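See below for the structure under consideration.
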2 protein chains.
Amino acid sequence: MTDTARSPATLEEVAALAGVSRSTVSRVVNGSTAVSEEALAAVQHAIETLSYVPNRAARSLARRQTHAIALVVPEDTTRFFGDPYFAAIVTGIHTRLSRSDYVLNLFIASDDPGDKTTSYLLGGNVDGAIVVSHHTSDTYVDRIASAVPLVFGGRPVRDRDHDHYVDVDNVAGGRDATQYLIDKGHRRIATITGPHDMPAGIDRLRGYRQAMSAAGLPEFAVEDGNFTSLGGADAMQRILDTGARPDAIFVASDLMAGGALNQLAAAGLRVPEDVAIIGFDDSPIAVATTPQLTTMRQPSLEQGQVMAGVLLELLSGREPRRVTILDTELVVRESA
Amino acid sequence: MTDTARSPATLEEVAALAGVSRSTVSRVVNGSTAVSEEALAAVQHAIETLSYVPNRAARSLARRQTHAIALVVPEDTTRFFGDPYFAAIVTGIHTRLSRSDYVLNLFIASDDPGDKTTSYLLGGNVDGAIVVSHHTSDTYVDRIASAVPLVFGGRPVRDRDHDHYVDVDNVAGGRDATQYLIDKGHRRIATITGPHDMPAGIDRLRGYRQAMSAAGLPEFAVEDGNFTSLGGADAMQRILDTGARPDAIFVASDLMAGGALNQLAAAGLRVPEDVAIIGFDDSPIAVATTPQLTTMRQPSLEQGQVMAGVLLELLSGREPRRVTILDTELVVRESA
DNA sequence: CTGAAAGCGCTAACAT
DNA sequence: ATGTTAGCGCTTTCAG
């Protein structure tokens, strides 16, 4: 089985076979209407028999655009890569892109100013970028933004009111989750939050506070769980250690809720009987815990799709809406 | 803040500024030694002040190579994308690649013969590909393989004894996990398996069988859990429904183990007291369950790195070892 | 050690 | 409707 890796056919060859000029072939390849029936047929046939696929590099060079878009994941975020949330985002982006002829380049970027990723993007090697931004400090984002159109996943920490982004309504999500607990008759409602330098963390806490104060309830306990399983467990333990006995907890992510569940079990507390738990995300982990998590679902797949869609519009010169906010949805299972 | 998106500097401009020819600049950019001290210094300075970054398209066109590699995820696999295993693989690949000047293109491929992904890869748009292959039916892989160097994540289903791949030792992993249970004094050991068309599923079951028969123990119960949480739960339920009462279960993935745990809890069975559970993967989910999972860790991040490394060697013309097998490792937590 | 020149495969005016 | 002609930015002989 010798690799007869014949180098791919070129426009030139197609033209020769079809008996037309390169221009004509180029026209049909690019869907121009100004081509006669016969020429079209001949070219299509030639393309078929030669299995012609346009050479991307040549096309990029001539058109001065790459038809590639970058997905940039800040390095700090890679520890969250294990979060199914990302998988859904990526899948969503890819789904949307597969209907276009853009390809997706994946970058995991450090904040290093001399960074390879940054200079790559700045070097005109992609047409646009999607940044799944989580943290406050990402200065390189500004530099990228000056070179190519950008869309953010999640509200940028420093909202410069000209950035495009798509986010879920974290405030409403936090509020609704907490309200659900209140409606169930709970009064001593604690919360385990995400980090305070991430909008998602900040906003969900804000939602909790809104619901609590609207109900005339005092904040019972607020602990930072850092969006990780371990962080959630630690936060739970800290609450327990103070001697506080909440009858319900709004936990700002399922991963953290999972961790909290462990501590609760270890402490001999039953969920939801002794304390109700509501998570956030509706990640796969939500059905793997015991009891399964009641949670606020965020449409991550859709978020990915929309982000890609917005970027595509930007690239096509249209002016899409600057911010898109997706709704969260309560998913009731066992824990609350 | 007007976007002064000046188009990136070109070789030509660098050459002009440095007072040399394009060739010379090209030489220093590509690390040729045959350049005088002065020329070198001048060029480096020019590059610096112009923030010159080579245009990838132009370079690709001239060199006839793209410096891009594709990560191909079969579409069937996207449902497993939620599996943290993938996240780790991707991170590993990227880690290795970031030390090279290759970029990563992400593809989620359907089996459609006229598929965009396939023709893209066949069109010479990437220099090589990594296929995270899981299923039996992926015919398009053959076509890709005929066009570019390939490395597989996991043993290809149809091992054609010339494919490069890197895998973990699933047989040994399954065997060791089962043996651990045996050593703990368990005798009625069941197993929940992965799908029978995936090598990982097949091999882990094989390992279970080896350990059981070596210990002179009969297979207690074998149910297919499909590598998903729900599948694991169903399989567990089927075992329970037969009236069988295993005292331990080797579950071939953590996700499935999570599902099984739920059924066990619902049935009023305590883990590990009534039945010990050992999972596989050491995925993040393993610490989110109650009790936390004892499991066989597979080094997914390393697997990603090695895959990328092998492909890079292939691309550089060297001949790396054809198959690399990584070890699994027992992680003892609470469930067994 | 360095420069000139000829492409790489494609697009995009500009003619015709 | 179609062909001709310049490039796009870089690499790479080939001379010098």
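In the stretch B:20-35, how many residues are away from DNA strand D (no atom under 11 Å from the Cβ) and more than 19 Å from residue B:9 (Cα to Cα)?
Going through the stretch B:20-35, the residues away from DNA strand D (no atom under 11 Å from the Cβ) turn out to be B:20, B:33, B:35.
Within this subset, residues satisfying the condition of being more than 19 Å from residue B:9 (Cα to Cα) are B:33, B:35.
Of the residues in that region, 2 qualify.
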Residues within the stretch A:25-60 that are of a type in the set (Ser, Thr, Tyr), within 11 Å of chain B (Cβ to nearest Cβ) and in a loop (DSSP other than H, G, I, E, B), tallied: 2
Tally, over the stretch A:265-295, of residues that are farther than 10 Å from residue A:335 by Cβ and free of Cβ contacts under 8 Å to residues at least 60 places away in the same chain: 11
Selection within the stretch B:145-162 - closer than 9 Å to residue B:129 by Cβ and away from chain A (no Cβ under 14 Å): B:151
Tally of residues being assigned to a loop (DSSP other than H, G, I, E, B) and within 12 Å of DNA strand C (Cβ to nearest atom) across the stretch B:61-71: 3
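I'm trying to understand the selection: among the residues of the stretch B:193-229, which are of a type in the set (S, T, N, Q) and on the phi > 0 side of the Ramachandran plot? If you could, list the steps in order and put the result at the bottom.
Pass one, the stretch B:193-229, residues of a type in the set (S, T, N, Q): B:193, B:210, B:213, B:226, B:228-229.
If the condition is that a residue be of a type in the set (S, T, N, Q) and on the phi > 0 side of the Ramachandran plot, then B:226 is the only one that fits.
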Residue list for the stretch B:250-281, restricted to those being surrounded by 24 or more Cβ atoms within 10 Å (Cβ to Cβ) and charged (D, E, K, R): B:254, B:281
Yes/no for residue B:298 being touching a Phe, Trp or Tyr at 6+ places or on another chain (Cβ under 8 Å), of a type outside the set (Phe, Trp, Tyr) and touching a residue at least 60 places away in the same chain (Cβ under 8 Å): yes
Answer residue from the stretch B:1-60, given it is touching a Lys or Arg at 6+ places or on another chain (Cβ under 6 Å) and near DNA strand C (Cβ under 9 Å from one of its atoms) and is farthest from residue A:55 (Cα to Cα) among those: B:35
Meets criteria (part of a loop (DSSP other than H, G, I, E, B), over 16 Å from residue A:293 (Cα atoms) and touching a Phe, Trp or Tyr at 6+ places or on another chain (Cβ under 9 Å)) for residue A:244: yes
The lone exception for residue B:44 - which of (1) at pLDDT 90 or above; (2) more than 16 Å from DNA strand D (Cβ to nearest atom) it fails: (2)
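The values are calculated or read from the model by the stated rules, or taken from the named source; none is laboratory data. The model shown is predicted, which means the values in this text are computed figures rather than measured ones. Please note: Cβ atoms are built from the backbone with ideal geometry, for glycine as well, and neighbour counts cover all protein chains shown.
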